[in-house]
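Only one structure is covered here, and it is reproduced in the block below.
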């Protein structure tokens, strides 16, 4: 039962993030690229204000999987890096925190592009 | 031929584009996006069950979802799903991975360097630039006033 509730929270919160994105697409004509940028920057701001971590504690993957979670991870990374290395952390924190995700997307994307047949443009 | 003003053009464009069926798009985005996050939660529980500490497990979830998304993009499944799911497939981290892989696949014919290599960053580049820049602003404020 406990576990079911955990999945339900992830579903509802994650779904809500996507529904908001869809509202933005339908009513503001924001392009997908702008939505991605907006979500990541919003995540950095929410993470910086300290309101995102409680949401992660509540919804788990429902808060970390949307791109706002990626932004919040950047904020957390830079805060930890500044605590550890001072001013240098301002420059190292963000990429350090996001390195696994960025590298994975880059390398997997590269491999997929190399082994795929060029797409049939229908 | 008559030149159109900006306003005339946008009225024409509005007329030509089909009306958005929000009663369908928003629930679909909610459902698909929610399911992707639920899958992420399942993976998170699995990795923690296998003994990974929370931080590692969380990173492993992101990497797994990215892998699945790139795989689905390569098989031409993700972009087809995205036609129906809209923001449901865009907002999760899988949408970011798709935005990396999809243009790279599409522009393969333009070569290894300016085709695949450059197009990997068509959409993810801005996301990384503005995300990292925002983190620098926050880091600087935190360093000065935190």
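Nothing in this text is a laboratory measurement; each read-out follows from the coordinates by a stated rule. Here the structure is a predicted model, which means the values were calculated and not measured. Here Cβ is always computed from backbone atoms with ideal geometry, including for glycine, and neighbour counts include all displayed protein chains.
Along the Cα→Cβ direction, 7 angstrom out, place labels at residue B:20 and residue A:49. What is the inter-label distance in nm?
The modelled label-to-label distance comes out at 2.3 nm.
Suppose the Debye formula is applied to equal point scatterers at every Cα of the range B:10-61; what is log10 I(q)/I(0) at q = 0.16 Å⁻¹?
Computed log10 I(q)/I(0) values: -0.61.
Angle, helix B:6-16 long axis vs. longest principal axis of chain B, Cα atoms, 0 to 90°, nearest 10?
The answer is roughly 80 degrees.
For chain A, just say rounded, prolate or oblate: build the C-alpha gyration tensor, square-root its eigenvalues into a ≥ b ≥ c, call rounded for a/c under 1.5, and beyond that prolate if a/b exceeds b/c, oblate if not.
Numbers: a/c = 1.58, a/b = 1.12, b/c = 1.41.
It comes out oblate by the Cα gyration axes.
For residue B:46 and residue B:75, compute 0.36 nm times the residue count separating them, minus their Cα-Cα distance, and round to one decimal in nm. Provide the component values of the computation, followed by the final result.
Working: separation 29, 0.36 × 29 = 10.44 nm, distance 2.58 nm.
So the extension gain works out to 7.9 nm.
Can you compute the helix-only [θ] at 222 nm over chain B? Use -39500 (n - 2.57) per DSSP H run of at least 4 residues, normalise by all residues, nearest 500 deg cm²/dmol. Walk me through the numbers on the way to the answer.
Details: 7 runs with 109 residues, N = 146.
That comes out to -24500 deg cm²/dmol.
Relative to the longest principal axis of chain B, what angle (0 to 90°, nearest 10) does the C-alpha long axis of helix B:54-74 take?
The angle comes out at about 40 degrees.
Please compute the average number of Cβ atoms from other chains found within 10 Å of each residue's Cβ in peptide B:5-15. Before the final figure, lay out the partial values.
Details: counts 0, 0, 0, 0, 0, 0, 0, 0, 0, 1, 0.
So the per-residue partner count for this stretch is 0.
Which residue fluctuates most in the GNM of chain B (Cα springs below 10 Å): B:15, B:83, B:119?
Looking only at B:15, B:83, B:119, the biggest GNM fluctuation is shown by B:15.
Quick one: check the C-alpha center-to-center distance for the range B:1-50 versus the range A:1-56, whole angstrom.
13 Å
Alpha carbon centre of the range A:67-115 versus the range B:71-146: separation in Å?
First find each Cα centre; the distance between them is then 13 Å.
For peptide A:74-85, what's the mean number of Cβ atoms from other chains within 10 Å of each residue's Cβ?
4
Quantify how strongly other chains surround peptide B:40-47 by giving the mean number of their Cβ atoms within 10 Å of each of its Cβ atoms.
Details: counts 9, 14, 5, 2, 6, 6, 0, 0.
Partner-chain Cβ atoms within 10 Å, mean over residues of B:40-47: 5.
Given a cut-off of 33 Å, what percent of all Cα-Cα pairs of the protein assembly as shown lie beyond it? Spell out each step's value before the answer.
Values: 8330 of 35778 pairs.
More than 33 Å apart: 23 percent of the Cα pairs in the protein assembly as shown.
Project the alpha carbons of chain B onto their principal axes and report the range along each, largest first, in whole Å.
69, 42, 39
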